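Just below is one structure, and these are the notes that go with it.
The values are calculated or read from the model by the stated rules, or taken from the named source; none is laboratory data. Since the model is a prediction, treat every value here as computed from it, not as a measurement. Ideal geometry is used to build each Cβ from the backbone, glycine not excepted, and the neighbour counts take in all protein chains shown. Quick note on the areas: whole protein, heavy atoms, side chains included, nothing else; ligands and nucleic acids left out. Shrake-Rupley method; radii C 1.70, N 1.55, O 1.52, S 1.80 Å.
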Amino acid sequence: MTEEPMADPVTQVEIDQRVFDLYDEYCHGRIDRREFLLRAAALIAGGLAMAQALLPRYALAQTISFTDPRMKAQYVTYPSPGGNSGSMRGYLVQPSGAGPFAAVLVVHENRGLNPYIEDVARRCAVEGFLALAPDGLSPAGGYPGNDDDGRTLQAGLDQAKLRTDMLNGARFLKSHKLSSGKLGVTGFCWGGSTTNVLATVLGADLQAGVPFYGAAPATAAVASIKAPLLIHYAETDPAINAMWPAFEAALKSAGVPYEMHMYPGTRHGFHNNSTPRYIEAAAKLAWERTVAFFKKHLA
């Protein structure tokens, strides 16, 4: 008996835009996994395969090994007054060497500290930054091992307190014994929005912010931003991109230094290399710009 050859994986160009739209609803918690798969299957021939292809495969996301000699990773706990439980757990990754190091907070999406975000923290460390990726779900037991449950847990938390937990992560990292005191923040989706919010709250305590496809902060709060921003947007991301004109006007009015890059042919989530939304060329360019921006402003 011979084995049947495995089918080639569905690629981005083979996925119908309507299935991408459903996936966006699913990612942002507006429909659950079952509804996403059912609606995709009913939408178009092959829709179920397209939908299944969009679900994350975290083995693909590891670009820096856990044992890479250029860095050392560990889980840490630290106080988080005013947060969801008063304490937080995070993934701290330090470069090899004695330090001190410029520090970068890495803020996850709307589903907790999954393997993709941990890998981003390791990517920061091998570039010479002390990186902390907080797990906003630690008050609820931590990232549960899958995004569906993670999304549900995160949606059930007090959202203002969750942002406070991220703020306390930034303060813990900035004052860490291995930190130079220079702080940058980056984040993706919900984490991109949180990066913008932290920029308004931290003021001069933040030296650089890099939001990836994050919702804009409240317009009235933009004047509180003191750090330069490097803002990454996907070309096809209507809800997020619609906020840009007002955000840009507020940045200009407040005299906040910023760069904005919109990446052609991309969708929300294009940096996440665990799903077909990933666009390698755009993700690599955005990351190169991010690293260069942090090295410039955190030196």
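See the values below:
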{"quantity": "Every residue from segment 40-62 that is open to solvent by less than 80 Å² (accessible area, probe 1.4 Å) and either over 20 Å from the mean Cα position of the chain (by Cα) or at pLDDT 90 or above (or both)", "calculated": "Ala40, Ala41, Leu43, Ile44, Gly46, Gly47, Leu48, Ala49, Met50, Ala51, Ala53"}
{"quantity": "The lone exception for Tyr258 - which of (1) open to solvent by 20 Å² or more (accessible area, probe 1.4 Å); (2) within 17 Å of the chain's Cα centre (by Cα) it fails", "calculated": "(2)"}
{"quantity": "Meets criteria (in contact with a strand residue (DSSP E or B) (Cβ under 9 Å, 6 or more places away or on another chain) and open to solvent by 30 Å² or more (accessible area, probe 1.4 Å)) for Glu235", "calculated": "yes"}
{"quantity": "Subset of segment 1-34 (residues that are over 21 Å from the mean Cα position of the chain (by Cα), at pLDDT 75 or above and open to solvent by 70 Å² or more (accessible area, probe 1.4 Å))", "calculated": "Arg18, Arg34"}
{"quantity": "Residue that is in contact (Cβ under 8 Å) with a residue 60 or more places away in the chain, touching a His at 6+ places or on another chain (Cβ under 9 Å) and among the polar types (S, T, N, Q), where the choices are Thr275, Thr290", "calculated": "Thr290"}
{"quantity": "Segment 213-255, residues that are more than 18 Å from the chain's Cα centre (by Cα) and among the aromatic types (Phe, Trp, Tyr)", "calculated": "Trp244, Phe247"}
{"quantity": "Residue among Leu230, Leu198 that alone is aliphatic (A, V, I, L, M) and either out of contact with any helix residue (DSSP H, G or I) (no Cβ under 6 Å at 6 or more places or on another chain) or under 22 Å from Ala140 (Cβ atoms) (or both)", "calculated": "Leu198"}
{"quantity": "Given (1) touching a Cys at 6+ places or on another chain (Cβ under 9 Å); (2) surrounded by fewer than 20 Cβ atoms within 10 Å (Cβ to Cβ); (3) not polar (S, T, N, Q), number of the condition Gly214 does not satisfy", "calculated": "(2)"}
{"quantity": "Contacts under 8 angstrom Cβ, first residue in segment 243-263 being more than 16 Å from Ser193 (Cα to Cα), partner open to solvent by 70 Å² or more (accessible area, probe 1.4 Å) and in a loop (DSSP other than H, G, I, E, B), 6 or more apart", "calculated": "Val256/Lys226"}
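Every residue, every condition in (1) more than 27 Å from Leu251 (Cα to Cα); (2) touching a residue at least 60 places away in the same chain (Cβ under 8 Å), yes or no:
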site: Glu118; (1), (2): yes, no
site: Arg123; (1), (2): yes, yes
site: Gly128; (1), (2): yes, yes
site: Leu137; (1), (2): yes, no
site: Thr164; (1), (2): no, yes
site: Ser175; (1), (2): yes, no
site: Thr186; (1), (2): no, yes
site: Val197; (1), (2): no, no
site: Thr200; (1), (2): no, no
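For (1) of a type in the set (Val, Ile, Thr); (2) open to solvent by 10 Å² or more (accessible area, probe 1.4 Å); (3) under 13 Å from the mean Cα position of the chain (by Cα), each residue gets a yes or a no:
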position	(1), (2), (3)
Val106	yes, no, yes
Leu132	no, no, yes
Leu137	no, no, no
Arg163	no, yes, no
Ser180	no, yes, no
Gly184	no, no, no
Gly191	no, no, yes
Leu198	no, no, no
